[in-house]
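Student: Please see the structure below; I have some questions.
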Amino acid sequence: MVSITEAVLADELPAITAWAERHGWEFNYDSITLRGRAVVEHPRVADLRVVFWFDASGYPNRQPPAWWCGGDGATICTERAGYPRPSPTPPPGPPHGSIFHTNPVICAPWNRLAYSIHGGPHADWPALAAWRTCGVGYTQAHTIADMLSALEIHLARSDGMQT
């Protein structure tokens, strides 16, 4: 029997692939492990590739995906060097702030690793199953393609990688 996650991702995959091709990102997804990888050159640092990983288990009904940067994808990377640096002086206009933080975590309601139950900073966000409606005033993304787009927007404001 196909799980909800498998069915939803099978439906989303054409849009994800089309988005990645239009934006010059490499994208791979393993339907067995429910893990994916997106790679892009940092827009402000020549020859620097940024690797984003996600684990979609439980997506979308029980919880958002887990997103992290760097490493080999086998385990969640908590090395700061794998994460883009937040913009030191965010330009005016949305988005305000950055989803990249020095703790390091991709801080967004659509990343389960940002919730305190998974070691993230947000005890103020409700249960994981309510991820689409929490975090008022924060970045919102309800599909994997939306999430990649949010990563791209915030990466464009980063001036490099954390040290």
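The values are calculated or read from the model by the stated rules, or taken from the named source; none is laboratory data. These numbers come from a predicted model, not from an experiment. Here the Cβ positions follow ideal geometry from the backbone for every residue, glycine too, while neighbour counts run over all protein chains shown.
Student: Can you confirm whether Gly82 is buried (at least 16 other Cβ atoms within 10 Å of the Cβ) and of a type in the set (Gly, Ala, Ser)?
Tutor: Details: buried (at least 16 other Cβ atoms within 10 Å of the Cβ): yes; of a type in the set (Gly, Ala, Ser): yes.
Criteria met by Gly82.
Student: Okay, next question. Name the single residue, out of those in the stretch 9-55 being more than 29 Å from Ser87 (Cα to Cα) and part of a loop (DSSP other than H, G, I, E, B), that is nearest to the chain's Cα centre (by Cα).
Tutor: Leu34
Student: If you don't mind, another one. Would you please list the contacts, defined by Cβ atoms under 7 Å and residues six or more apart or on different chains, that run from a residue in the stretch 52-76 that is under 13 Å from Gly36 (Cα atoms) and among the charged types (D, E, K, R) to a residue that is modelled with pLDDT of 95 or more and surrounded by fewer than 19 Cβ atoms within 10 Å (Cβ to Cβ)?
Tutor: Asp55/Leu34; Asp55/Arg35
Student: Search the stretch 100-119 for residues being touching a Cys at 6+ places or on another chain (Cβ under 8 Å) and either modelled with pLDDT of 95 or more or hydrophobic (A, V, I, L, M, F, W, C) (or both), and hand back the single one that is farthest from Ile153 (Cα to Cα).
Tutor: That would be Ala114.
Student: Let me ask something else about it. Here is a check on your reading of the model: is Gly137 surrounded by fewer than 17 Cβ atoms within 10 Å (Cβ to Cβ), modelled with pLDDT under 95 and over 29 Å from Gly24 (Cβ atoms)?
Tutor: Answer is yes for this residue.
Student: For the structure I just gave you, tell me whether Ser149 is modelled with pLDDT of 95 or more, of a type in the set (S, T, N, Q) and in a helix (DSSP H, G or I). Lay out the reasoning, then the answer.
Tutor: Working: modelled with pLDDT of 95 or more: yes; of a type in the set (S, T, N, Q): yes; in a helix (DSSP H, G or I): yes.
Considered against the rule, which asks whether it is modelled with pLDDT of 95 or more, of a type in the set (S, T, N, Q) and in a helix (DSSP H, G or I), Ser149 comes out as yes.
Student: Follow-up. If I filter the stretch 33-40 for residues that are out of contact with any Gly (no Cβ under 9 Å at 6 or more places or on another chain) and surrounded by fewer than 11 Cβ atoms within 10 Å (Cβ to Cβ), do I get at least one hit?
Tutor: Within the stretch 33-40, not a single residue is out of contact with any Gly (no Cβ under 9 Å at 6 or more places or on another chain) and surrounded by fewer than 11 Cβ atoms within 10 Å (Cβ to Cβ).
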